[in-house]
């Protein structure tokens, strides 16, 4: 299923912006103030040329004489006073620009935090099927790279856009005041330049998408290689995978290079168009000195405003490329937000609330990962409350798939799964998972302390932790470590042996105090003596708890009160160990010889 209204739409962004309208109002007011302070600076040039250097005093000098002492009312004094005024105006203007950018940054960081939170919430709902398809590298790219691209666009590009746009409009206004014909010329030329720049930019926007896809493939391959580096090194296949990683990295280089130079070329051509307009404008302005009353000082002011506009126009021309990147990033984020979600029924009943033991029934269940191959085919079995039930069979028989259905990782195509006679369609899987503990053959451990890997963030006393470790036959190992429960175990528990990792997972299970325990090859890495001691310790803990054991070892299977044999997704035999070992069938094939040797 796909949740509705999960995408980041324009209306969602507008809603977030409205929540920060006070900051944005302050930012825009600061931008207007910065423009009002900065735009008049080139007007001081004609004041110096016409009224000071050409000795034609006017209103400008009269105003300056009101604030300057008589002793410095000289050409040199006027020049230094004007220089001081320009320095102050530019400094104040830049300070205001920094404050305006700060306001936009605060808003952008808050919006991107909301986006990232929205994506993290989505991660908890995405179906496992989608995780297996997407890969962790691609999802990581969305959470980090794509969000940062949008953050850069909102926080930096948009703040510069406001300043640049106001500067261009303010400059056009001043030029209209100086000479309406020159101002009109600027107002006509700039839109033409921007139009052709957009046309050029649209030619390269698809290259950004290709670059991002290459980066995503590289990141997926990188994560897979790093996760499997131990096995690759042990199999002496490290070089082949690193070579493949280099091939992916080279593809990123090629696609990045193609986008970089073509977008740069488009930007340069766009700026060339502006420069051509600039030179044409300058020529027209000089002709107007000859054929109109435009003064030398005013022409200096006009040229000053032309240079004053260069930076803002470049910013405006470059915004489209930032927009293409942000738009592509937003599209990829929305693709993630639209992924199929895990089936989550609303809990109508809670079959565990009375505290009774858990009874599990599987009724005519069908399941397939794809339409071609059925993994479970009309499967029916019963796991009695408080009993130990074992599932055995060849690899691919459906044992692990059944576990995934029981905990709601996947949903059956048809049939029913019942807990205490209540179907899973009426029970929230959060309720079910609170009662179940699963111990896998390859437990997931985190690069953190033993304490954190035991508690997974829940609050437990040291006494509870040591009791769980004692049941799991792990207490003596931890006591030998200098930092005890606070010892770091490395990525995926690499500082522990395979058997120690399994025992740590069993201790985690004990700590959760479940009503329904699933052991999926949970002791496969233990030596015989340790496994025997662990089974003795677990016997008391598992008493009264419903237990499902998936195992190949006879020592684990023989503990069960009832054994089901699965072949091709169906139950072909069931009974006790003594009964099944005497019957013709897969169970006798698997364990008959071991029974005789025993």
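Things worth noting here:
- Cα-projected label distance for residue 528 with residue 582, points at 7 Å along beta-carbon direction, nm: 2.7
- Computed from the Cβ-Cβ distance with R0 of 45 Å, the FRET efficiency linking residue 66 to residue 210 stands at 0.10.
- You can think of it this way: the chain between residue 19 and residue 494 has 166.4 nm of extra reach, that is 0.36 nm per residue less the Cα-Cα gap.
- With respect to the chain, whose longest principal axis is taken over its alpha-carbon atoms, helix 205-227 is tilted by about 40°.
- Against the main long axis of the alpha-carbon atoms of the chain, helix 586-597 sits at an angle near 60°.
- Spacing of the two label points (7 Å from each Cα toward its C-beta) at residue 95 and residue 347, in nm: 5.9
- Equivalent-ellipsoid semi-axes for segment 360-597 (Cα gyration tensor, √(5λ), whole Å, largest first): 31, 22, 16.
- Estimated at 0.36 nm per residue, the fully extended path between residue 244 and residue 106 surpasses their Cα-Cα distance by 45.5 nm.
- Listed values (i) 26.7; (ii) 30.7; (iii) 28.1, entry calculated as Kirkwood radius over Cα pairs in Å: (ii)
- Label sites at residue 568 and residue 226, each approximated as a point 7 angstrom past Cα along Cα to Cβ, lie 4.5 nm apart.
- From most to least packed by mean Cβ count within 10 Å, the peptides 473-481, 556-564 give 556-564, 473-481.
- Peptides 443-452, 398-407, 346-355, ordered by how many other C-beta atoms sit within 10 Å of their residues on average, highest first, read 398-407, 443-452, 346-355.
- Axis of helix 498-512 versus longest Cα principal axis of the chain: the two differ by about 90°, to the nearest ten degrees.
- Contour minus Cα-Cα distance for residue 378 and residue 487 (0.36 nm per residue): 34.5 nm
- Mean projected area in nm² (Cα convex hull; one quarter of hull surface) for segment 494-598: 7.8
- FRET efficiency, residue 128 to residue 280 (Cβ-Cβ, R0 56 Å, nearest 0.05): 0.35
- Sorted peptide list for 206-213, 419-426, 12-19, criterion being average Cβ within 10 angstrom, highest first: 206-213, 419-426, 12-19
- Förster radius 51 Å - calculated FRET efficiency between residue 264 and residue 59, Cβ distance, rounded to 0.05: 0.65
- DSSP-defined antiparallel bridges as percent of all bridges, the chain, nearest 5: 55
Values quoted throughout were computed directly from the atomic coordinates according to the rules given, and no laboratory measurement underlies them. Quick caveat: nothing in here was measured; it's all calculated off a predicted structure. Heads up, the Cβs are rebuilt from the backbone with ideal geometry, glycines too, and the neighbour counts pull from every protein chain shown.
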